[in-house]
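Below: one structure, written as structure tokens.
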């Protein structure tokens, strides 16, 4: 049985309340851009003044229900289009993606950067052979650490970060605001 949430493919509208593009819910924004490139839908971000969950971004579905949180929205969008492989192509890979997403909630330290750099030594992406939601979440979380990534000791992490930065979907300079 289909629900309004299953049909949420033509228009991705994410509401948020913080001022400025630096406060845009980037994880769900990048994920929605990947969906847009898949089915030509257009992500729209609307600024709301009062939200029940403080300043969390949210999606409102046609039945009135809402889904709150940048990562929760991105997870929903990634699962909406499994053919994009943002959650991998099997249960184990999906669990690896979740593991990386969970680890992104921890503080980024120099040992974290060393571990990520080592992990990316022979890899283009964090999980498997395709861009995943793990890459998106960690990319956004590491954006504030960009200056540290220029150190030669993080060459593989820098390569990964530069590669993702150059993907069209990761460009936040042309965000649509309503």
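The values are calculated or read from the model by the stated rules, or taken from the named source; none is laboratory data. Computed from a predicted model, the values in this text were never measured in an experiment. As a convention, Cβ positions derive from the backbone with ideal geometry for all residues, glycine included, and neighbour counts pool all protein chains shown.
Within the option set 148, 107, 96, 153, being modelled with pLDDT of 95 or more and not assigned by TED's automatic domain parsing to the domain that holds residue 26 holds for one residue only, 96. Could you tell me how many of the residues in the range 126-159 are under 17 Å from residue 97 (Cα atoms) and free of Cβ contacts under 8 Å to residues at least 12 places away in the same chain? Looking only at that region, the number is 1.
Inclusion of residue 92 among residues that are surrounded by fewer than 13 Cβ atoms within 10 Å (Cβ to Cβ) and more than 26 Å from residue 149 (Cβ to Cβ) is warranted.
Regarding the range 131-143, can at least one residue be identified that is surrounded by 13 or more Cβ atoms within 10 Å (Cβ to Cβ), more than 18 Å from residue 28 (Cβ to Cβ) and modelled with pLDDT of 85 or more? Checked the range 131-143: no residue is surrounded by 13 or more Cβ atoms within 10 Å (Cβ to Cβ), more than 18 Å from residue 28 (Cβ to Cβ) and modelled with pLDDT of 85 or more. Of everything listed in (1) surrounded by fewer than 19 Cβ atoms within 10 Å (Cβ to Cβ); (2) in a helix (DSSP H, G or I), the single unmet condition for residue 71 is (1). When every residue of the range 107-117 is checked against the conditions, at least one turns out to be surrounded by fewer than 19 Cβ atoms within 10 Å (Cβ to Cβ), within 22 Å of residue 72 (Cα to Cα) and free of Cβ contacts under 8 Å to residues at least 24 places away in the same chain.
Here 56, 51, 91 are screened, and the one residue that is at pLDDT below 55 and farther than 16 Å from residue 138 by Cα is 51.
Conditions tested, residue by residue: (1) closer than 19 Å to residue 32 by Cα; (2) out of contact with any helix residue (DSSP H, G or I) (no Cβ under 7 Å at 6 or more places or on another chain); (3) part of a helix (DSSP H, G or I).
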| residue | (1), (2), (3) |
| --- | --- |
| 78 | yes, no, yes |
| 112 | no, yes, yes |
| 116 | no, no, yes |
| 122 | no, yes, no |
| 131 | yes, yes, no |
| 140 | yes, no, yes |
| 160 | no, yes, yes |
| 169 | yes, no, yes |
